[in-house]
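Everything below concerns the one structure shown next.
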Amino acid sequence: MKRWLPYGCIALLAVVPFAPVPLYYLHLAILILIMGLICTGWSLMGKFGLVSLGHGGFMGIAVYPMALLWNHYGLTPWLGAPIGVGLAVLLGVLIGYPAFRFRVVGHYFALITLALGEVVRLSIIAARELTGGSLGMTPLRVQPITDVSWYAVQFTDKRYFYVIALVAWLGGLWAWRLVNRSMARSALEAISEDEVAAASVGIHVTSQKLRITLLSAAMTGLGAIMLGQYNQYLNPNSLSGISISLEIVFASIVGGMYTMLGPTIGALITIVFRESLRAYFGATLTGMAETIYGLLLILFIIFMPRGLWGFVVARFAHPTGDTSRLEVAATR
Amino acid sequence: MLTLRDVSAGYGSFQALFEISLEVSAGEAVAVIGPNGAGKTTLLRVISGQLPILSGSITLQGRSLLGLPAHRFIEEGIAHCPENRRLFPRMTVEDNLRMGAFIPTARRHFAERLDWVYALFPRLRERRGQLAGTLSGGEQQMCALGRALMSHPKLLLLDEPSAGLAPVLVMQVFDLVRRIRAEGFTVLIVEQNIQQALELVDRAYLLEVGKVKLSGTAGELKNNQFLRQAYMGL
Ligand SMILES: Nc1ncnc2c1ncn2[C@@H]1O[C@H](COP(=O)(O)OP(=O)(O)OP(=O)(O)O)[C@@H](O)[C@H]1O
Ligand SMILES: [Mg+2]
């Protein structure tokens, strides 16, 4: 029974778009899947103590080149996307290698990444002739205009994007699982506890940290590419910079970065939350979402450090409430 | 087996070791003794690759260890049981031992080595599921020894295994080291308990402010007038 549950859920998710689901909910589902992928990528680093406050940087550097290549050279996103992901990975190397090589850890690492997200955002804005600056840019409509263009990855029907996003999200979960079952996971756990001791048992600290960073960057870049392609609109403030970077952190912590589904649950919570705020307050209370995010984040870090989903999983696995084992169970 | 020739090392502009020469033969147990701040820990850091040297040479069985990154030393057969143990506190005892067998050659023998370490330290078997950070000081020391042994090193470096333990536990730790010796391991041990250390080892070096002040067999040093007066209060 339990073994079939995941497959049942996947099957259910796969048939959702073919049921009469209101378009708005389909739209939300797509956003949740994509943000779920990005947050899963972030958590792959976060759960090993590599806290990045700049994942927006990986988003911007991946999605803009793809859109620009399409607009200026007509290069299909099928080729633009791998180029974009490649650039995100390259940025990961540029930031990760020196940081890890010279043992920049903890708060200092977080600060470096914070700068990374902003540098990418400011660069996009500075290149406004190309990128449209803070007004954003739109990928050109494929000519001749059709409803379904696989070449341009432009679809009028949201269901195409839903399926693409679902596949990518499942790919992200699969990557999580692979990491979780590999020696890399033990190595990274050891590193997060004591780098010197980890090196002394034979772990190549720099390379292990770099590899997980690159995986995380790639997943984030891919998510950004899908967001840009789905919205058919790119804006530096929502696809790079500090605000989206912190939203990723927030979602991952609230959902629970130590569990496979935690980051996605976190994405779901933030997106639903943001949408309902908008529905109730309209545009009158700008900044409301950020304020509430901040407050919730503090509460979560204090009272539910393993996130909502981490908490549920731990309770479910050990209903007796033996907290030391709860801790261990929640990290699995 | 291990040979240091004129090794100098330090931290930034501060030089902590001055032209140290030292030799450990296969099957031998050698102690490094000396006052606080003499550079004993620094010496072990150098031998385990955590600290690059300024000059001199280090060879293990004739192979130079210069320039090897820290994580490669264990593959060369050098296991370091560091000062203050440095276990992985939020991992269980068994996971700590598993990490000790991280390198591929050791991973292959994980199950048998684990049984062997548990046979050596039955207490660890009892505590296998406990988080290492919650072990008692003596148990942590066992766990650290066990972790270092999991890779079946050619040379075991022990940095003050008895530090911070009650006298009765100090005796126990020395018994543990004696058992490890009896298994045929080559041991280089740093100790403050000079008398007890000299009962355990074949030879010893006395380090003072980064220089070798004295060296000799345990028997010679036990009767050395200077050592007796300055360090053993006899
Ligand atoms: N990471 C470091 N950075 C700078 N100086 C250091 C560092 N570690 C040790 N030292 C200095 O190097 C000298 C030797 O230190 P070391 O730890 O090797 O001494 P020790 O013989 O192990 O002493 P103890 O018996 O107290 O453990 C000391 O003066 C110490 O202050
Ligand atoms: Mg010391």
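Quick note: the coordinates plus some simple rules give every number you see, no bench work behind them. Just so it is clear, the structure is predicted and the values come from calculations on it, not from any experiment. Cβ coordinates were reconstructed from backbone atoms using ideal geometry, including for glycine residues, and neighbour counts include every protein chain displayed.
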Beta bridge orientation in chain B: antiparallel %, DSSP, nearest 5: 55 percent
Rounded to 10°, Cα long-axis angle of helix A:55-73 versus longest principal axis of chain A: 20 degrees
For chain A, with +1 on Lys and Arg beta carbons and -1 on Asp and Glu, the positive-most of A:Leu90, A:Ser207, A:Ile145 along the dipole: A:Ser207
Inter-part distance where the range A:190-260 and the range A:99-135 are each reduced to a Cα centre, Å: 14 Å
Bridge type composition, the protein assembly as shown - antiparallel percent by DSSP, nearest 5: 55 percent
Ascending count of other beta-carbon atoms within 10 Å, so fewest first, for B:Arg127, A:Arg121, B:Arg228: B:Arg228, B:Arg127, A:Arg121
For the range B:124-234, share of DSSP beta bridges that run antiparallel, in % to the nearest 5: 55 percent
Spatially proximal lysines relative to B:Lys40 (Cα-Cα < 25 Å; intrachain offsets below 8 disregarded): B:Lys154, B:Lys211, B:Lys213, B:Lys222
Cβ-based charge dipole, the range B:1-106, positive-most Cα from B:Ser21, B:Leu43, B:Ala70: B:Ala70
Cβ-defined net charge surrounding B:Ile189, 9 Å radius [Lys, Arg +1; Asp, Glu -1]: -3
Angle between chain A longest axis and helix A:158-180 axis [Cα atoms, degrees, rounded to 10]: 20 degrees
Computed over the range A:16-330: relative contact order in percent, which uses C-alpha pairs under 8 Å that are six or more apart: 30 percent
Under 14 Å, Cβ to Cβ, from B:Leu124 - net charge with Lys/Arg +1 and Asp/Glu -1: +4
For the range A:128-268, convex hull of alpha carbons as volume per residue, Å³: 145 Å³
Cβ-Cβ FRET estimate between A:Leu299 and B:Glu208, R0 fixed at 51 Å, reported to 0.05: 0.35
Mean separation of Cα contacts under 8 Å (6+ apart) over length of chain B, as relative contact order %: 27 percent
Test item: Cα-centred dipole of chain A, Lys/Arg +1 and Asp/Glu -1 on Cβ, debye: 540 debye
Helix axis angle, A:205-231 relative to chain A longest principal axis, alpha carbon, degrees: 30 degrees
Diffusion constant of the range A:36-90 at 37 °C, which comes from Stokes-Einstein with the Kirkwood Cα-pair radius and 0.692 mPa s, µm²/s: 273 µm²/s
Magnitude of the charge dipole, chain B, Cβ model with Lys/Arg +1 and Asp/Glu -1, debye to 20: 400 debye
Helix-only CD estimate at 222 nm, as mean residue ellipticity for the protein assembly as shown, using -39500 (n - 2.57) per DSSP H run (n ≥ 4): -18500 deg cm²/dmol
Neighbour-count order for A:His55, A:His72, A:His27, fewest beta carbons within 10 angstrom listed first: A:His72, A:His27, A:His55
Net charge dipole size for the protein assembly as shown [Lys, Arg +1 and Asp, Glu -1 on Cβ; Debye, nearest 20]: 780 debye
Order of A:Trp150, A:Trp169 under a 10 Å beta carbon neighbour criterion, fewest first: A:Trp150, A:Trp169
Most positive-pole-ward Cα, A:Phe18, A:Gly136, A:Met66, against dipole of the range A:1-144 from beta carbon charges: A:Phe18
Surface/4 of the Cα convex hull for the range A:16-330, nm²: 17.5 nm²
A:Val196 paired with B:Thr217, simple spin-label distance in nm, labels 7 Å along Cα-to-beta-carbon: 3.6 nm
Inter-probe distance in nm under a simple model that places probes 7 Å from Cα toward Cβ, at B:Asn84 and B:Thr105: 3.1 nm
Viscosity 1.567 mPa s, 4 °C: Kirkwood-radius Stokes-Einstein D of the protein assembly as shown over Cα pairs, µm²/s: 49 µm²/s
